[in-house]
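Participant: Handing you this structure, nothing more for now.
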Amino acid sequence: MTRTVLLTLGRLPKALDIARSFAAHDWRVVVAEPFGWTLAGASRAVAASHKVRAPAVSKAGYLQDLAGVIAAEGVELVVPVSEETMHVAHLRSPARLMTMPPEAVLRAYHKRGFITLAEGLGLDVPPSAALGSAEAVALAASGDFITKPVHSCSGRGVRFFAAGQAPPEAEEETILQRRIHGRIVSSCAIARQGQVVGNVLYQGAQFSGSVAIAFERIAHAATEAWIARFAAGTGWTGFLSFDFILDADDRPWGIECNPRTTSGLHFFETADIAPALLEGRPPRFRPERVLQQFYSALTDLAPFRAGFFGRARRLATTRDVSWDRRDPWPFLSMTGTSWPIIREAGRRGTTFGEVATLDVGWYE
């Protein structure tokens with residue numbers, strides 16, 4: 001009997017990897033999300049797509065629509081993909097949810113909640129305090145610092161300050177955090193009952209604004225150990241991702257948690273993702289150490305900017321995260337499936353990555 005899995009976002013390349021993986025293991029894949037036509041939905045791996053209300057329109061309506069899709073399609077497993085995870089964690093359904101309970105997900109996602117949680121596990125995180133508190137004033141006086149909303153992604157709302165500068169007025173719940181200078185490293189792990197079964201560490205090789213559009217896989221033992229300790233301490237199951245800064249001593253400092261998948265997922269062999277989630281089977285890495293999002297890199301290829309020839313060379317020689325000659329339509333139709341994001345990015349004058357999940361994000 002064919003089993004059915006529901007992906008709760010289809011617009012991003014990582015959803016396509018998950019869809020292809022489950023389809024390769026004879027699962028029937030269904031996508032439900034606010035866009036009617038999506039990147040993953042264009043794939044031969046996806047059997048059906050459903051348009052649902054966006055959480056930004058109605059959080060209750062979004063969950064009701066998902067429950068309706070689950071009932072209509074006979075869904076056994078629900079796999080959230082990106083920022084909608086915080087909403088999907090609240091879903092009441094007979095289907096199994098591939099995520100942690102909402103209280104665990106929201107605590108890890110909350111920038112201050114994550115810091116407190118990691119401190120309790122004995123992990124290195126930057127000193128942080130609520131903006132406006134006496135602790136925040138002291139931190140601002142003692143060294144360089146940043147401020148950021150407690151609910152944000154893709155670098156939205158992050159501001160940088162030198163030691164002694166006056167902290168800004170908070171327009172929303174915000175934390176002030178000691179700025180750690182060093183190299184930014186990101187991660188994407190798959191965990192089962194506190195055990196990390198697969199983990200990718202990577203760094204941006206090319207950026208559009210604050211969002212990486214080309215990625216390089218790296219190795220760093222201390223960061224791997226940090227992640228394993230967090231997963232074990234929280235008993236985590238599902239996707240688990242972090243951003244780190246490696247300081248001058250190569251020491252990793254966890255700066256935020258994404259209780260979902262990230263672009264690091266593309267470095268796993270596609271066929272291995274579903275078995276890792278379902279059975280805890282360690283996934284292999286793709287042979288490529290550098291991958292790119294081709295269309296984002298193409299739009300970043302301004303001929304009169306410094307570094308043009310280096311970017312052009314990378315564009316021509318680096319594998320795209322979505323291309324598969326056996327399933328070419330998602331790549332070929334990407335401009336059309338991404339049009340709602342492209343239009344909104346143009347309207348706001350910002351990057352694709354910064355608006356890609358605005359309608360499904362968690363901002364409470």
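Participant: Can you give me the long-range amide H partners of Ile255? Hydrogens built in the peptide plane at 1.01 Å from N, cutoff under 5 Å, separation of 5 or more residues or another chain.
Facilitator: For Ile255, the qualifying residues are Asp243, Phe244, Ile245.
Participant: For Trp362, which sequence-distant residues (separation of 5 or more, or a different chain) have an amide H within less than 5 Å of its own amide H, given hydrogens modelled in the peptide plane?
Facilitator: none
Participant: Using a basic spin-label model with each label point 7 Å from the Cα along Cα→Cβ, how many nm lie between Lys51 and Arg326?
Facilitator: With each label point 7 Å from Cα toward Cβ, the separation is 3.2 nm.
Participant: Given the whole protein assembly as supplied and a 1.4 Å probe, what does the accessible area of Leu123 come to in Å², nearest 10?
Facilitator: 20 Å²
Participant: OK, next. Roll a 1.4 Å probe over the protein chains and send me the accessible area per residue for segment 35-144 in Å². Let's see the in-between values first.
Facilitator: Working: 4510 Å² over 110 residues.
Solvent-accessible surface per residue comes out at 41 Å².
Participant: Moving to a separate point now. Using 7 Å Cα-to-Cβ label points, what is the Ser133/Ala71 separation (nm, one decimal)?
Facilitator: Simple spin-label model gives 4.4 nm for this pair.
Participant: Please list, by residue number, every one of the trypsin sites (Lys or Arg not before Pro) in segment 45-130 that is coil in DSSP and has at most 15 other beta-carbon atoms within 10 Å. Please report the intermediate quantities before stating the final value.
Facilitator: Details: sites: Lys51, Arg53, Lys59, Arg92, Arg96, Arg107, Lys111, Arg112; in loops: Arg53, Arg92.
Qualifying residues, ordered by number: Arg92.
Participant: Rounded to the nearest 20 Debye, what is the dipole magnitude of segment 42-103 about its Cα centre when Lys and Arg each give +1 and Asp and Glu each give -1 at the C-beta?
Facilitator: Working: 6 positive and 6 negative charges, 28 e Å.
In debye, rounded to 20, segment 42-103 gives about 140.
Participant: Over segment 175-313, what percent of the accessible surface lies on carbon and sulfur atoms, probe 1.4 Å? Don't skip to the answer; put the middle values down first.
Facilitator: On the way: 3040 of 5650 Å².
With neighbouring chains kept in place, the figure for segment 175-313 is 54 percent.
Participant: Which of these values of Rg/Rh (Cα atoms, Kirkwood Rh) was calculated from the structure shown: (i) 0.95; (ii) 0.99; (iii) 1.03?
Facilitator: Answer label, from the structure shown: (i).
Participant: Ok, one more. What are the ³J(HN,Hα) couplings of segment 13-20, residue after residue, when phi is run through the Karplus curve with 6.51, -1.76, 1.60 and θ = phi - 60°? Round to Hz, x for glycine and proline.
Facilitator: x, 5, 5, 5, 4, 5, 4, 4
Participant: Separate question: Kindly list the residues of segment 164-181 that lie in the label zone of Ala141, defined by a backbone N under 13 Å from the point 7 Å along the Cα-to-C-beta vector.
Facilitator: Under 13 Å, as judged by backbone N against the label point of Ala141, lie 164-167 of segment 164-181.
Participant: In the chain, what percentage of the DSSP-assigned beta bridges are antiparallel, given to the nearest 5?
Facilitator: Values: 42 of 59 bridges.
Expressed as a percentage, antiparallel bridges in the chain total about 70.
Participant: What full-extension length gain, to one decimal in nm, is calculated for Arg3 and Ala170 as 0.36 nm per residue of separation minus the Cα-Cα distance?
Facilitator: Details: separation 167, 0.36 × 167 = 60.12 nm, distance 4.80 nm.
Value of the extension gain: 55.3 nm.
Participant: On to the next question. I'd like the orientation of helix 308-317 relative to the chain: the angle between its Cα long axis and the longest Cα principal axis, in ° from 0 to 90, rounded to 10.
Facilitator: 40 degrees
Participant: Also, quick follow-up: Taking the Cα of Ala163, stepping 7 Å toward and past its beta carbon, and measuring to each backbone N in segment 178-212: which are under 16 Å?
Facilitator: Taking a point 7 Å out along Cα→Cβ of Ala163, the residues of segment 178-212 whose backbone N falls under 16 Å are 178-182.
Participant: Tell me the angle of helix 111-120 to the major Cα principal axis of the chain, expressed in degrees between 0 and 90 and rounded to the nearest ten.
Facilitator: 80 degrees
Participant: At 7 Å along Cα-to-Cβ for each site, give me the label-to-label distance between Glu344 and Ala271 in nm.
Facilitator: Result for the modelled spin labels: 3.6 nm.
Participant: By a straight-distance test (C-alpha under 21 Å), which lysines pair with Lys148 as possible cross-link partners, with residues fewer than eight away in the same chain excluded?
Facilitator: List returned: Lys111.
Participant: Still on this model: To the nearest 20 debye, what is the magnitude of the charge dipole of the chain about its Cα centre, counting +1 on the Cβ of each Lys and Arg and -1 on the Cβ of each Asp and Glu?
Facilitator: Magnitude of the dipole: close to 840 debye.
Participant: Tell me which residues come under 5 Å, amide H to amide H, from Thr261 once H is placed; ignore anything under 5 positions away on its chain.
Facilitator: none
Participant: Give the angle, between 0 and 90 degrees and rounded to the nearest 10, that separates the Cα long axis of helix 339-348 from the longest principal axis of the Cα atoms of the chain.
Facilitator: Compared with the principal axis, the helix lies near 30 degrees.
Participant: Among all the lysines, which ones have a C-alpha under 23 Å from Lys14's C-alpha, if same-chain residues fewer than 8 places away are not counted?
Facilitator: Filter leaves Lys51.
The values are calculated or read from the model by the stated rules, or taken from the named source; none is laboratory data. Please read all numbers here as calculations on a predicted model, not as lab measurements. Methodologically, a virtual Cβ is constructed for each residue, glycine included, from the backbone with ideal geometry; neighbour enumeration extends over all protein chains shown. Surface accessibility is based on the protein's heavy atoms, side chains included, excluding ligands, DNA and RNA. Shrake-Rupley method; radii C 1.70, N 1.55, O 1.52, S 1.80 Å.
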